[in-house]
Amino acid sequence: MVLTTKEFREDFSKTFEGLYAFDLSEASPIQYYTALGNYLKVYSADNWSHTNQAYLEHQVKQVYYFSMEFLPGRMLKSNLLNLGILDTVRDGLREMGLDFEVIARAEVDPALGNGGLGRLASCFMDSIASLGIPGNGNGIRYRYGLFQQKFVDGYQVELPENWLRDGNVWEVRKENKAVMVRFGGQAILSEDPDGRLKPIYSQTQNILAVPYDTGMIGYQNEVVNNLRLWSAEIPPEEEIHYHTIADREKVNQITEVLYPDDSNYEGQILRLRQEYFFTSAGVQSIVRYYKQMVLTWQHFPDKVAIHINDTHPALCIPELMRILLDEEGLSWEQAWEITQKTMSYTNHTILQEAMEKWPVRMVQELVPRIYQIIEEINQRHIDKKLPLYTPELTYRTTIIADGNVKMAHLAIIGSHSVNGVAKLHTEILMHEVLRDFYQMYPAKFNNKTNGITQRRWLHLANEGLTKLIDNKIGTAWKTNPSELKLFKSFANNEDTLAQLAEIKLENKKQFAAYAEKEMGIELDPTALFDVQIKRLHAYKRQLLNALHILDRYLKIKDDPDLDIQPRVFIFGAKAAPSYVYAKQIIKLINTIADMVNNDPAIGNKIKVVFVENYGVSLAELIIPAAEVSEQISLAGKEASGTSNMKLMLNGALTVATLDGANVEIRDFVGEDNIFLFGLNDQEVYAFYENGTYHSRDIYDSNPRLQRVLNTFIDGTIPGIETEGRVIFDSLVQYNDEYFVLKDFESYVEVQEKVDQLYQDPMAWNQKSLLNIASSGPFSADFTIKRYAEEIWKTDSQLPA
Ligand code: 26Q
């Protein structure tokens, strides 16, 4: 049954009139968008309910992906693409005299995550549905998403992100599926008539968790999975106990706002409250669903896989234990076996400061019964491991230590699988960060290199390139991305390379139009577009990029007639509001941008564009226009990275350290098609161990670098006195924690090679093509297949 534009127009008009009761010719983009969303919800409703019915009827195993963060991006276009009616709807709207692009941009981009981890969760939801895997997302419906970033005088300021202002067409509130989550009070264990110990609760605060469900539409396969986000409310029967606005506010607060910090753990009780709230609600609703199936508890792990995205949902483990013990009356041994078989955990960071640990006192007070269970898990772990390992090793792996609950330890001990997100990252976990656990549980450890959905990041974001690939190798790559490698056979085809260049130029013009309109910066679209887009963090080394820009700037100032490849340096980055140093780097780069962009001696040779409020939607504009991808974190620090994959897929050449997934990018594309520089992780570790790194010596002995660094403090960059001094001192005085000075020389050297290659457009385009053709292995579809086969043991429900 193919939808015609005529049918679409009729149905859409009806939907519109039903919603707004006026003629559709005079509406606003938001109204058109809302009507379209409603139309699509109806259009896909059958598939959604059929998918649900089929899963229940056949009692298939389902995976539940628990994540504190999701970053889905705008959903209108991706839903249309996956439903197979993108062109029909676009054409139909055109026939009605409506501009589809304007309507699509009226959708807000839900920023319910910080960065890589949240976006990964959403790429995974797309792949899970597209592969026909029975899977569900479970998270929090934050009332306010990640703050909106504005620059005022070059400084980041944060504004609230009221993403629900115009409503959310995609969600369905499911009051009938609400569950109660219990906080605080006391849990006293006492014997029940069967002689089993059960907790008696008193003085608890009961919060109603109300789910909002969003359909996750698979790619042209009639599957619609579910993303369930929970919202906290006062239970109607308890309204009477809430006497003041302040009392009520405390409840709303639980799901009020996303914590904007992605790399620095802060032990705030509200955060812990959020974590227990959505894990308890999610696990309760899974158990309720399971009980419809009339199976014994032993079969639970045959029907349910729970995946915890970093440690944020690790309370799933004691929560499932609690339900099985206290509510279902299982023995500890039975409950523990089921729990371990059900749970799996992904680690996303090796930064010590990002590891979650909660003061015992806080956990005890907030979730007393959960704390008792954690204590017992901990004690049994010790009792079991002491006879097998040295006391030192055993005690290094305890969950409770120094008055804290260590969430990673809980997650590892309570799961049957622990994975890192890139080969190198997993190696570092096994042999450095988690080596004690690797010794105890070698079989739990495995790698699952991250991936990205080619549907959003190529089909939708880069239609020009998609058409070119379709023309050259057919369309089978869309469902089997490994076929992208067929594109390699065009690496010597001048015609194809010219078309590739033309598409890139067109995308660059699109970005240039944005920069002109939104920022008043005029860009030369033939300049080289160099892109670094990711959260702002010292370890990601946006500073190194800035030093390179200043080095070029000084060179041109010395010799204004210098013949140098013009470059546009594009940054997108939010800093955590409390991360002062990161914010100082933003101010520094913005100030450099002002200085450089307005210096007539520089002209078009350097432009610096720091976009405000970087997020999924801006990524969709920037990535297709990128020619150089900056992946320059200190080796050993970036777990994987995913912008590296998206940029490669869109034909950018990578400038990289051997960190995270860059290592695998190198393996697939080959040394000749990537620009590597800098220390490797082993060299970094050697410096740590020997204590032989002295950044001051590098400053003293490298006049070129010295001159660059002095611009921070000698007035060359106007208005940067405070920040310049702090940053200068961090690099020169306080020994440069992330080896920026150490890697500077090899970084600027490799950037010269970039310039040289760019002088030969065909050679450049050839490498660009080889990058695109080598990026198939980074499709999230492959990553998800491996999770499903090796960890979750879920089967695709699609006909083979
Ligand atoms: C923890 C406790 C309290 C408050 C906040 C947090 C918190 C929140 C978010 C800690 C970490 C995060 C996010 C981490 C993250 O995005 N990590 C990135 O994950 C990507 C997907 O695996 C990787 O590609 C990146 O390398 C990694 O940095």
Exercise. Length gain on complete extension for the stretch residue 510 to residue 471, per 0.36 nm per residue less the alpha carbon to alpha carbon distance?
Worked result: 11.8 nm
Exercise. Treating the beta-carbon of each Lys and Arg as +1 and of each Asp and Glu as -1, no other charges, what is the dipole magnitude of the chain about its Cα centre, to the nearest 20 debye?
Worked result: 1180
Exercise. Where does the charge balance sit around residue 487 when Lys and Arg score +1, Asp and Glu -1, over other residues with C-beta under 11 Å from its C-beta?
Worked result: +1
Exercise. How far is the Cα center of region 37-74 from the Cα center of region 273-319, in Å?
Worked result: 18
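How would region 619-747 be classified by its alpha-carbon gyration tensor: rounded, prolate or oblate, with rounded meaning a/c under 1.5 and the a/b versus b/c comparison settling the rest?
Oblate, since a/c reaches 1.5 and b/c is not below a/b.
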Problem set entry | Paramagnetic label zone (point 7 Å from Cα along Cα-to-C-beta, residue 365; backbone N under 12 Å) in region 254-286 | 268-270
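Given axes a ≥ b ≥ c from the Cα gyration tensor, I'd like to know whether region 408-558 is rounded (a/c under 1.5), prolate (a/b larger than b/c) or oblate.
It comes out oblate by the Cα gyration axes.
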For this session: Counting other beta carbons within 10 Å of each Cβ, put 171, 502 in order, fewest first.
Result: 502, 171
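Please compute the length gained on full extension between residue 162 and residue 252, using 0.36 nm multiplied by the number of residues separating them and subtracting their Cα-Cα distance. Before the final figure, lay out each step's value.
Working: separation 90, 0.36 × 90 = 32.40 nm, distance 1.48 nm.
Gain on extension, residue 162 to residue 252, equals 30.9 nm.
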Seminar exercise, completed: Per residue, the convex hull enclosing the Cα atoms of region 195-292 spans a volume in Å³ of 205
Exercise. What's the exposure ranking of 535, 455, going from fewest to most Cβ atoms within 10 Å?
Worked result: 535, 455
Exercise. Which ordering of 105, 94 is given by a fewest-first count of other beta-carbon atoms within 10 Å?
Worked result: 94, 105
Exercise. Too long at a 26 Å Cα-Cα cut-off: which of 198/341; 646/785; 150/637; 557/646; 61/174; 478/540?
Worked result: 150/637; 557/646; 478/540
Exercise. At a Förster distance of 51 Å, what's the computed FRET efficiency of residue 380 paired with residue 682, Cβ-Cβ distance as r, to 0.05?
Worked result: 0.85
For this session: Compute log10 of I(q)/I(0) for region 122-262 with the Debye formula, placing one identical point scatterer on every Cα and leaving out solvent, at q = 0.11, 0.13, 0.15 Å⁻¹, to two decimals.
Result: -0.64, -0.82, -0.97
Exercise. If the chain between residue 91 and residue 578 were fully stretched, how many nm would it gain, using 0.36 nm times the residue separation less the Cα-Cα distance?
Worked result: 170.6 nm
Seminar exercise, completed: Distance in nm between residue 746 and residue 612 label points, each 7 Å along Cα→Cβ, equals 3.9
Exercise. Suppose R0 equals 41 Å; then what is the FRET efficiency for residue 447 and residue 244 from their Cβ-Cβ distance, rounded to the nearest 0.05?
Worked result: 0.20
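List the equivalent ellipsoid semi-axes of region 395-449 in whole Å, largest first, each obtained as the square root of 5λ for an eigenvalue λ of the Cα gyration tensor. Don't jump to the answer; show the numbers that get you there.
On the way: eigenvalues 81, 24, 21 Å².
They are 20, 11, 10 Å, listed largest first.
Show that you can apply the helix-only estimate: for the chain, add -39,500 (n - 2.57) for every DSSP H stretch of four or more residues, divide by all residues, and state [θ] at 222 nm to the nearest 500.
Values: 31 runs with 354 residues, N = 800.
That comes out to -13500 deg cm²/dmol.
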Seminar exercise, completed: Sorted on mean Cβ neighbours within 10 Å (highest first), peptides 292-301, 32-41 come out as 32-41, 292-301
For this session: Taking every Cα atom in region 462-778, find the radius of gyration and the maximum pairwise distance Dmax, and write them in Å.
Result: 19.4, 58
Exercise. Which net charge results when you count Lys and Arg as +1 and Asp and Glu as -1 among the other residues whose beta-carbon is under 12 Å from that of residue 712?
Worked result: -1
For this session: Could I have the simple spin-label model distance between residue 563 and residue 153, label points 7 Å from Cα toward Cβ, reported in nm to one decimal?
Result: 4.5
Problem set entry | Which of 675, 593, 172, positive extreme of dipole for the chain (C-beta unit charges) | 172
For this session: Determine the sum of side-chain charges near residue 388: Lys and Arg each +1, Asp and Glu each -1, restricted to other residues whose C-beta is under 15 angstrom from that of residue 388.
Result: +1
Exercise. What is the P(r) of the chain, as percent of Cα-Cα pairs per 20 Å bin from 0?
Worked result: 15, 48, 32, 5, 0
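FYI, it's all coordinate maths here, none of it is from the lab. The structure displayed is predicted, hence computed values, not measured ones. Note that each Cβ is placed from the backbone with ideal geometry, even for glycine, and that neighbours are counted across all protein chains shown.
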